[in-house]
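Encoded as structure tokens, the structure appears first; notes follow it.
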Amino acid sequence: MRRTDRLFDLIQILRDGRLHRASDLAEHMEVAVRTIYRDMDTLVASGIPVEGERGVGYILRAPVFMPPMALSQVELEALHLGAALVRQTADAELQDAANRVLTKIDQAMPNPMFGALDGFGKEIFAAPEVEASLELMPVIRRAIREQLVLAIEYLALNGSRTRRRIRPLQMEYWGRAWTMTGWCETRQEFRVFRIDRINTCLDTGEHFAEEEDKSLATYLLRFYAEHPSGG
């Protein structure tokens with residue numbers, strides 16, 4: 001969990017107005033107690049009205065609210081449709097995040113607006129190729145985020161199997177399949193791989209530094225130069 005997400009969750013816990021021990025918070029957040037101490041210092045420094053001390057506990061003395069948002073009916077439908085899409089076409093971590101976002105938004109909505117969503121059609125049915133990609137997506141997303149080299153075994157459409165070392169740059173969703181674009185160290189060129197055709201995907205633990213000629217920006221410039229219509 002990112003630190004910003006953890007800080008938000010801590011505020012949500014403290015909003016009940018009760019005293020919370022750092023050890024209990026650490027167990028709930030699955031982090032070390034010293035991490036909770038640092039997080040509480042950060043919240044206090046940012047102006048959140050948290051009171052308490054190490055060894056005693058922490059309490060929120062005043063309410064904390066998100067900035068007001070005015071969402072239209074169509075905007076709410078867009079959010080729910082997007083979340084439904086994520087729940088069917090992304091991995092479990094993203095599914096859980098989508099559920100948390102909707103819960104936070106729906107809890108802030110007035111009852112008439114929330115009730116207007118009843119009956120809104122938002123069923124999404126993922127293709128088998130999409131479902132076959134879900135297991136590998138957390139590894140790939142982490143590698144993109146942390147610039148980690150991946151070692152993959154890939155089954156090409158012609159039936160050939162190859163082993164590659166990839167610098168993953170982004171993932172793309174095409175409706176029936178997820179793909180991963182990256183710089184292939186094996187071929188020394190940009191390549192796009194269908195994730196459902198990746199048999200194994202291992203984090204090598206090796207970090208790569210961004211190089212201009214091997215970056216996502218360079219790939220996209222080349223792609224749109226070759227495909228002016230974007231197709």
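The values are calculated or read from the model by the stated rules, or taken from the named source; none is laboratory data. Note that this is a predicted model, so its numbers are computed, not measured. Heads up, the Cβs are rebuilt from the backbone with ideal geometry, glycines too, and the neighbour counts pull from every protein chain shown. For accessibility, only protein heavy atoms count, side chains too; no ligands or nucleic acids. Shrake-Rupley method; radii C 1.70, N 1.55, O 1.52, S 1.80 Å.
With label points built 7 Å along Cα→Cβ from the Cα atoms of residue 200 and residue 35, find their separation and express it in nm.
Computed distance between label sites residue 200 and residue 35 equals 3.0 nm.
What do the square roots of 5 times the Cα gyration tensor eigenvalues come to for the chain, in whole Å, largest first, as semi-axes of the equivalent ellipsoid? Walk me through the intermediate numbers first.
Working: eigenvalues 310, 129, 54 Å².
Those come to 39, 25, 16 Å.
Grab every C-alpha pair in the range 125-231, bin the distances at 5 angstrom width from 0 up to the longest one, and report whole percents.
All Cα pairs, binned at 5 Å, distribute as 2, 12, 23, 25, 19, 14, 5, 0 percent.
Need one number: nm distance between label points at residue 9 and residue 187, each 7 Å from Cα along Cα→Cβ, rounded to one decimal.
Modelled inter-label distance: 3.9 nm.
Note down the accessible area of residue 208, probe 1.4 Å, to the nearest 10 Å².
The accessible area of residue 208 comes to roughly 20 Å².
Any idea what angle helix 73-89 forms with the longest principal axis of the chain, computed on alpha-carbon atoms, 0 to 90 degrees, nearest 10?
60 degrees
Sum -39500 (n - 2.57) across every DSSP H segment of at least 4 residues in the chain, then divide by the residue count to get the 222 nm mean residue ellipticity, nearest 500.
The per-residue figure over the chain is -12500 deg cm²/dmol.
Between Rg and the Kirkwood Rh of the range 134-193, both from Cα atoms, what is the Rg to Rh ratio? The partial results should precede the final answer.
On the way: Rg = 11.2 Å, Rh = 11.9 Å.
Checking Rg against Rh, the ratio lands at 0.94.
Taking 0.36 nm per residue of separation and subtracting the Cα-Cα distance, what length does fully extending residue 176 through residue 85 add?
Here the answer is 31.5 nm.
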